[in-house]
Amino acid sequence: MKKDIKKLIISIFIVFTILLIIDIIVGKCGDFVMTKLPSKSGQFAKDNYRLNRLETDIVIIGSSRGSHHYVTTVLGDSINKYTNGSYSIYNAAIDGKFINSNSCATESIIKRYTPDMLIFEVGASELKATGNEYSDIRFSLPHYTSNETVRSYINELGWKERIKVMSNIYRYNGKVLRIISSFLIKGNETGYEPLFNKMEVLPNSDVKEKKSR
């Protein structure tokens, strides 16, 4: 009986050690790859860029409305023409990233340098308490150990989350395909993400009916 218990304890110890080694390897490899991500290819690389590398004069922060509606070249040309300047501009807005994720990115940027102008696009619905105010910040989990601002936002999720992020596997869970795609997708150099679908035009009667509701 004692031998069986001893074997069980040894087996558990071996399994735990193997998992720990794998977790450390995942963390080391993942953190290294994150430093090599292309600057502006895909949303995951874009988040990495705005959190750690972005240094343009003008920055746009927001969700999908910001990423698709602010044409950076047009806006930059207009500002430079009006001010007779030569400001660089980048659209750091990301689809599905709302006020808390964007606030985290903004704080991270301001800690690194002071932009001449920062446009923070926010929807009215984002100002309402939903109980999940920090949920979209999990998109930035890989930066937990390397970015102080991200770490402080993640820690706000509670003690359970602080325990989970001790695991490198947890931090990179579900992120492998995004990391790979970051090396395959070429994003716009200015961060602008145009939409190419056609907008549906509603008949006047349908518009009036929807307004009346």
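No value in this document is a laboratory result; all are computed from the given coordinates. Keep in mind that what you see is a predicted model, and the values were worked out from it rather than measured. Here Cβ is always computed from backbone atoms with ideal geometry, including for glycine, and neighbour counts include all displayed protein chains.
Labels on offer are [x] 8, 30, 30, 19, 9, 3, 1; [y] 7, 26, 29, 18, 11, 5, 2, 1, 0; [z] 7, 20, 13, 9, 10, 11, 10, 7, 4, 3, 2, 2, 1, 1, 0, and the one holding P(r) over Cα pairs in 10 Å bins from 0, in percent computed from this structure is [y].
Which helices, taking whole DSSP H runs in the chain, have alpha carbons extending 18 angstrom or more along the helix axis plus mean Kyte-Doolittle at least -1.0?
On the way: long enough: 2-36 (51 Å, 1.28); 99-112 (19 Å, -0.30).
Counting only whole DSSP H runs, the qualifying helices are 2-36, 99-112.
Spatially close Lys pairs in segment 67-203, defined by Cα atoms under 30 Å apart and a spacing of eight or more places or different chains, total 21. Taking amide hydrogens as placed 1.01 Å from N in the peptide plane, the amide H of L118 sits under 5 Å from those of V59, each at least 5 positions away in sequence or on another chain. Each residue in V74, V59 was given a count of other beta-carbon atoms within 10 angstrom of its own, and listing them fewest first yields V74, V59.
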